[in-house]
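The values are calculated or read from the model by the stated rules, or taken from the named source; none is laboratory data. These numbers come from a predicted model, not from an experiment. All Cβ positions, glycine included, derive from the backbone under ideal geometry; neighbour counts span all protein chains shown.
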Amino acid sequence: MSKAESTSYSKSFDENGTEFSGGEAQKMMIAKTLYKNAPIYIFDEPTAGLDAISEYKIYENIKQTSSTGILIYITHRLSTGVNSDNILVFSNGKITERGNHIQLMNHQGIYASLFKSQATLYEEVNVNE
Amino acid sequence: MNNNKNKNNNIIAAFKTLPQVFSLLYKNDKKYLLIMLLEVVAFSIDKYPELLIMKYTIDALTNKVAYSSYVKGIIPLIAVMLLLKMLRVIINTSRPCRDQVITEKLFNAFFSQCMKIDYQTLESKEMQDKKELAKFIANGKIAAIGWYFVEMFSSLIALIIATVFMINISPIVLVIVILGLVIKSFISKKNSDITIPISKQQIIDNRFLSYLYRIGSDYEYVKEFRIFNYKGNLYRKINEAKESYISSNNRLLKYNFIQSILYNAEDFVIKIMTFAIMGFSCLKGTIAVSNFIFVIGLVDDFISYTDSLTSSCKSYVDATAYIEYYVEFMNCVTPYRLPKSTAQPDSIESHFIEFKDVYFKYTNSSDYALKGVNLKIHVPMKISLVGRNGAGKSTLVKLLLRLYRPDEGEITLDGKSIYDYSNEKYMELFSSVFQDYALFAFTIIENITSFNSSIDYTLFHNVVNETGVADFIKSYPKLYGTYLSNAYSNDGIEFSGGEQQKIALARSVYKKSASFFVLDEPTSTYDADAEYMLYNKYEKILAEKTSIFISHRLSSCKLSDHIVLLENGRVIEEGSHNELIQNNTQYRQMFELQAKQYKWEENDIGK
């Protein structure tokens, strides 16, 4: 095994270990998850510390790598919902809304209002343009 | 670690720390050295009264001395013996308390040094290691060193005394004993040549093994273990590490066993020879019976004193390495220590900060993290600092907060270098929520008010209402008296990430002296609703203040009147949102990338 493949993560026990940055560690976690090649993947805020461009690339990669499996995203960034087949909205321990993005937007419930509140901050600009 | 080992093996280096050890002890307890001296005296002559009593008695018997003169002669010896015993009792009871006090004093000094050293120096890996090793002083190392020194020094004196006696009575026995010593040290050298590399490997194996045990039981890994099925793989790793550890341990035991067999055999031979030589001379009548007994006793003592001398020497050398780390850490003169009292910022309402061609490089890094940054910050102003991971956003903010010092260029406040101001006065102007903010296990109110004894309740209530702390705290019976976590209280609460961030924001806003607010991803764990509410109140919460907001969610840039985009340590774009979005900027590219994800009507969703 080459040195490049066997770098220790952190210096906990190995003096020559590397302390990776938060963004690097997050990318490694995603790699670890996808390496398992399971039919169901769960991602809980996978890109919290990543910049817009890295985030975009990672979502694209996850989509490609795991195209045949089930993907479950847990996130506060509701834009993830747009491309999801099914969205579950939890409120006080209950599923209060479910459906795809269009259905939930038409339903005008919590999801729609949360989505709009995030979207407006981006939308205004498009109006200005 | 290698460095550490070299230090351990060097006995001369260890003795060079003696003045430091003594001065540490003396500074913290004026009588300590006196007690040590008494201890040395007590230990070094400890065994002689008994030996001498025996010799004296046999002499009296063989020479048929009158009873009264025998008693007269023996009284002083018994008195000395009693005195020495009493001395030991007194020392043994008073020393542990003194050790405790010294340890606490040293730890307090260590703690205050941690606060004093500037961030940039303290942050380095080398300094962190040194700090951790220096902290061992709190485990009573200093007392142990005192004890090893006493043992070492008193064994040495005792050996000298024994040598003097033996020269006078039987030089040939002395030669045999010293020859034995030489053989012993030869065996010991051979043994350590073999065992030291094994021990070194064992330290490494041990660290690895304890890391494996830790991840096997630590809560933070529990989830990963269950999902990724690490159990079997971890057992395999543990078994491998354990096997390697046990096999080296067995080798160590074997060599130590051989050594102790040889030692014992040698002691036995020396004693037999002593008996033979002394017995022969005694029978021939060349020496007195009393001297026969006396020398046998001396040889016994000689052997035990050499053993305690070598073992205490070894322990002393090992322990002084920590003293060295402690002294080095305490004496660390940080190149950036600030003058105590210097200029105070004018109490003008509108401060002005300027970055003038600022360069900054991390130690051990070949590339500059900031490369000629120019930036003007007024009060009031709302700034968004954006850029990709590693662009230099957090570094810039750390320079502004004087946690790092620029390598080139200058940062000024109201026209004067920020380093001309006293630390206290400068920091009064700043408040922050760091990405890796830390809250304390105190109550909510203590956290928000930075455990200040006087609390501005009007401000406090404003702050908790505006930051949303008031909303979630309602459901806890103790309200603001609720403890964060159970670190030391029994009814503390583990708040969610979003709630903790709100508390951190409240703490930051509560700092009323501040004009500049650095907010580094302050809403990363907020839900959409909470984030939206904060954005709506943002202008009100930070009215008349300057804020520097760092976030990867570019929607937050709408809060700011000025956006600064960093790329590879340079400010490449600057301006208002509208200005930047109208041109072909990187900012626009990033913003649209995120905005696109919210333009749902145009997406094909009917999959």
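Which number in (1) modelled with pLDDT under 85; (2) loosely packed, with under 14 Cβ neighbours inside 10 Å; (3) facing chain B (nearest Cβ under 9 Å); (4) within 25 Å of A:L34 (Cα to Cα) marks the one condition that A:E129 misses? All conditions are met except number (4).
The residue list B:N536, B:N462 contains one member that is without any contact (Cβ under 8 Å) to a residue 12 or more places away in the chain and in the same structural domain as B:I445 (by TED's automatic domain parsing), which is B:N462. Just checking, does the range B:97-110 include any residue being surrounded by fewer than 14 Cβ atoms within 10 Å (Cβ to Cβ), under 50 Å from the mean Cα position of the chain (by Cα) and touching a residue at least 60 places away in the same chain (Cβ under 8 Å)? Checked the range B:97-110: at least one residue is surrounded by fewer than 14 Cβ atoms within 10 Å (Cβ to Cβ), under 50 Å from the mean Cα position of the chain (by Cα) and touching a residue at least 60 places away in the same chain (Cβ under 8 Å). Set side by side, the residues B:L505, B:L534, B:L484 differ, and just one is closer than 28 Å to A:D44 by Cα, within 14 Å of another protein chain (Cβ to nearest Cβ), aliphatic (A, V, I, L, M) and surrounded by 21 or more Cβ atoms within 10 Å (Cβ to Cβ), which is B:L534. Evaluated against (1) touching a Ser or Thr at 6+ places or on another chain (Cβ under 7 Å); (2) away from chain A (no Cβ under 14 Å), B:F186 falls short on exactly one condition, (1). What do you reckon, is B:S69 more than 15 Å from B:I142 (Cβ to Cβ), modelled with pLDDT of 85 or more, assigned by TED's automatic domain parsing to the domain that holds B:M86 and part of a helix (DSSP H, G or I)? It is true that B:S69 is more than 15 Å from B:I142 (Cβ to Cβ), modelled with pLDDT of 85 or more, assigned by TED's automatic domain parsing to the domain that holds B:M86 and part of a helix (DSSP H, G or I). Does B:S489 satisfy the condition of being surrounded by 20 or more Cβ atoms within 10 Å (Cβ to Cβ) and either in contact with a helix residue (DSSP H, G or I) (Cβ under 7 Å, 6 or more places away or on another chain) or more than 8 Å from chain A (Cβ to nearest Cβ) (or both)? So B:S489 does not fit the description; no.
If the condition is being facing chain B (nearest Cβ under 8 Å) and either more than 17 Å from B:A595 (Cβ to Cβ) or part of a strand (DSSP E or B) (or both), then the range A:77-104 contributes A:D85, A:N100, A:I102.
Taken residue by residue, the range A:8-16 has no member that is among the charged types (D, E, K, R) and at pLDDT 80 or above. Taking into account only those residues within the range B:559-585 that are surrounded by fewer than 18 Cβ atoms within 10 Å (Cβ to Cβ) and within 9 Å of chain A (Cβ to nearest Cβ), which is nearest to A:Q118 (Cα to Cα)? In this case the residue turns out to be B:N578. Across the range A:37-49, the qualifying residues are those that are hydrophobic (A, V, I, L, M, F, W, C) and within 10 Å of the chain's Cα centre (by Cα), and the one among them that is farthest from the other protein chains (Cβ to nearest Cβ) is A:F43.
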